[in-house]
1. Look through A:Ala246, A:Ala200, A:Ala193, A:Ala168 and report the one residue that is over 25 Å from B:Ile280 (Cα atoms) and either more than 15 Å from the chain's Cα centre (by Cα) or surrounded by fewer than 19 Cβ atoms within 10 Å (Cβ to Cβ) (or both).
2. Could you tell me how many of the residues in segment A:12-33 are touching a helix residue (DSSP H, G or I) at 6+ places or on another chain (Cβ under 6 Å) and without any contact (Cβ under 8 Å) to a residue 40 or more places away in the chain?
3. Pairs under 6 Å by beta carbon, first residue more than 7 Å from chain A (Cβ to nearest Cβ) in segment B:267-295, partner in a helix (DSSP H, G or I), six or more apart or different chains?
4. Test A:Gly133 against the stated conditions and say whether it is crowded, with 21+ Cβ neighbours inside 10 Å and closer than 20 Å to A:Val9 by Cβ.
5. If I filter segment A:219-238 for residues that are at pLDDT 95 or above, over 20 Å from the mean Cα position of the chain (by Cα) and either surrounded by 24 or more Cβ atoms within 10 Å (Cβ to Cβ) or within 18 Å of B:Phe219 (Cα to Cα) (or both), do I get at least one hit?
6. Can you tell me which residues in segment B:178-193 are over 21 Å from A:Trp273 (Cα atoms) and more than 8 Å from chain A (Cβ to nearest Cβ)?
7. Kindly indicate which of B:Thr195, B:Thr223 is in a helix (DSSP H, G or I) and either of a type in the set (Gly, Ala, Ser) or touching a Lys or Arg at 6+ places or on another chain (Cβ under 6 Å) (or both).
8. Tally up the residues in segment A:233-250 that are in contact with a His (Cβ under 8 Å, 6 or more places away or on another chain), assigned to a helix (DSSP H, G or I) and closer than 16 Å to A:His120 by Cα, please.
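The values are calculated or read from the model by the stated rules, or taken from the named source; none is laboratory data. No experiment lies behind these values; they were computed from the predicted model shown. Virtual Cβ from ideal backbone geometry, glycine too; neighbours counted across all protein chains shown.
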Protein chains: 2
Amino acid sequence: MAIARVAIVGLGLIGSSIARAVKDRLPQVAVTGYDASADVRDVARALGLCDTVADDPVAAVAEADLVIFAVPVGGMADAARAAAAGLRGGVIVSDVGSSKAGVGAALRAALPGHVVIPAHPVAGTENSGPAAGFASLFDGRWCIVTPDADAPAAAVAALTGFWEALGAKVDVMDAAHHDMVLAVTSHLPHLIAYTIVGTASELEEVTESEVIKYSAGGFRDFTRIAASDPVMWRDVFLANKDAVLATLQRFNEDLTVLQQAIRRGDAAKLEDWFTRTRAIRRSIIAEGQDDPAPDFGRRH
Amino acid sequence: MAIARVAIVGLGLIGSSIARAVKDRLPQVAVTGYDASADVRDVARALGLCDTVADDPVAAVAEADLVIFAVPVGGMADAARAAAAGLRGGVIVSDVGSSKAGVGAALRAALPGHVVIPAHPVAGTENSGPAAGFASLFDGRWCIVTPDADAPAAAVAALTGFWEALGAKVDVMDAAHHDMVLAVTSHLPHLIAYTIVGTASELEEVTESEVIKYSAGGFRDFTRIAASDPVMWRDVFLANKDAVLATLQRFNEDLTVLQQAIRRGDAAKLEDWFTRTRAIRRSIIAEGQDDPAPDFGRRH
């Protein structure tokens with residue numbers, strides 16, 4: 001299946017990065033964009049993100065071979081229903097949401113009879129909006145595709161080829177497994193970061209000004225992902241509730257063990273734990289999933 | 001008080017960075033170094049970190065106006081006792097430990113009659129050892145000095161001037177307050193990062209390979225500080241136990257509140273929390289305490 005035109009519904013960080021990456025890597029593919037916000041559409045036009053920015057979702061998707069919904073996961077069903085009348089037969093419907101089982105079900109319910117193949121590029125920054133995107137965002141990052149058992153193989157191959165052309169590496173897995181994996185590698189880290197940044201900003205004994213000044217001791221690392229889009233993340237936690245709560249329970253068990261080791265002065269247990277965690281970062285760098293420079297390559 | 005010679009005991013990331021910064025910013029000041037490890041001394045000599053690398057601590061500190069102990073906080077007392085016989089009258093004794101009340105007490109007990117002014121440069125990277133240091137590590141970072149009430153003002157001024165010459169901004173505060181502030185801005189973040197990296201690597205449902213591959217979803221941010229020196233951090237948690245456990249309790253309360261919001265589907269509470277945390281990062285960047293580039297300036 002050849003993809004000659006892609007429609008992107010939602011032109012935030014991820015949607016606008018897809019548009020840029022298509023223009024950069026797949027110049028023969030036409031890009032139509034749409035966003036529910038007129039302001040965002042104006043920015044997208046000013047930036048020249050797409051060949052066409054449509055003012056309504058039905059027109060945006062009308063001639064597309066691939067439609068990608070790039071909105072918060074709680075808004076997928078509404079976005080799909082709003083565009084449904086414009087979808088042609090044979091179109092591949094996909095998305096970029098951080099949870100997959102619920103999003104897949106919502107899209108299939110909203111678009112009966114259409115081929116829905118959910119996907120999730122595991123990439124992003126803490127910034128939001130159409131100006132925050134860039135064409136190389138997906139380079140070397142993984143995109144996880146979660147087709148149902150009855151998804152047409154040609155459509156899965158076309159979507160896989162599309163993401164590979166944008167620079168991503170593609171894995172195919174079951175939606176439920178995706179949701180458990182991402183609960184660990186993305187959702188729990190965000191929840192923990194949001195928590196600790198909130199905790200630090202509301203202590204009586206330490207002022208917010210002190211937290212900011214001395215943040216280079218470690219705290220500042222958490223503030224980056226705690227600056228991510230609030231609506232997007234609200235929706236992720238609601239959509240992937242069960243897997244998030246399950247991994248959170250494991251985290252709480254481990255934290256209690258370390259808390260007890262500190263209280264008891266169990267030096268050996270602390271040193272052993274801290275030694276094992278060191279190896280994981282080396283593996284992430286060896287896999288090309290983080291910058292090998294110290295401090296993430298921050299300027300010093 | 002003029003500082004003509006500084007002795008650095010412990011030539012790891014921080015000690016070696018001080019040596020480099022002195023040679024770079026204070027070329028008129030002589031630097032003598034010592035490390036308990038013969039291998040580290042060899043590396044320090046090969047790198048030319050110091051004017052002299054001594055083979056025993058007594059010789060290392062013999063002519064110094066300022067002696068800085070840059071060893072894990074649990075090793076301060078032993079390092080001080082080993083050097084004590086070499087200290088001349090009028091020397092300023094300081095350190096770089098991440099906890100201050102306990103370290104100050106340990107140094108004063110080990111070195112009766114000497115002027116001890118603890119200090120803590122809030123700077124570092126996840127790397128360890130003499131090759132990991134660099135001269136600009138302290139540029140624009142805060143160094144917290146925690147003198148006792150009876151510390152000579154001239155000595156406090158000399159130590160403050162030394163750190164400012166190395167590029168740092170200096171704050172003076174009570175040691176107990178330092179320990180509470182750093183529990184929040186540094187120790188708790190490290191404990192949380194160590195915990196989650198350990199949790200993620202030991203789940204049955206998700207393989208370590210999956211955790212590594214999909215770490216760009218947020219997890220990789222935690223692995224940097226969870227790759228910090230295990231012995232250093234073991235000692236910090238043992239030395240600052242009370243403040244760490246107190247702030248951990250606040251964190252646990254907040255995490256329980258967010259856990260309940262997820263379980264109950266309380267969208268408004270989640271969105272409100274995530275919106276407030278976003279502002280903190282902007283303040284940290286405005287204060288010059290983090291890189292304004294997206295993703296910490298990682299290469300994309």
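1. A:Ala246
2. Taking segment A:12-33 as the starting set, the residues that turn out to be touching a helix residue (DSSP H, G or I) at 6+ places or on another chain (Cβ under 6 Å) are A:13, A:16, A:25-26, A:29, A:31-33.
Retained after the next criterion (residues that are without any contact (Cβ under 8 Å) to a residue 40 or more places away in the chain): A:29, A:31-33.
Qualifying residue count, segment A:12-33: 4.
3. B:Lys269/B:Ala261; B:Pro292/B:Ile285
4. Numbers: crowded, with 21+ Cβ neighbours inside 10 Å: yes; closer than 20 Å to A:Val9 by Cβ: yes.
So A:Gly133 fits the description; yes.
5. yes
6. Result: B:His178, B:Asp179.
7. B:Thr223
8. Pass one, segment A:233-250, residues in contact with a His (Cβ under 8 Å, 6 or more places away or on another chain): A:233, A:236-237, A:240, A:243-244, A:247.
Still in the running and assigned to a helix (DSSP H, G or I): A:233, A:236-237, A:243-244, A:247.
Then drop every residue that is not closer than 16 Å to A:His120 by Cα, which leaves A:233, A:236-237.
Result for segment A:233-250: 3.
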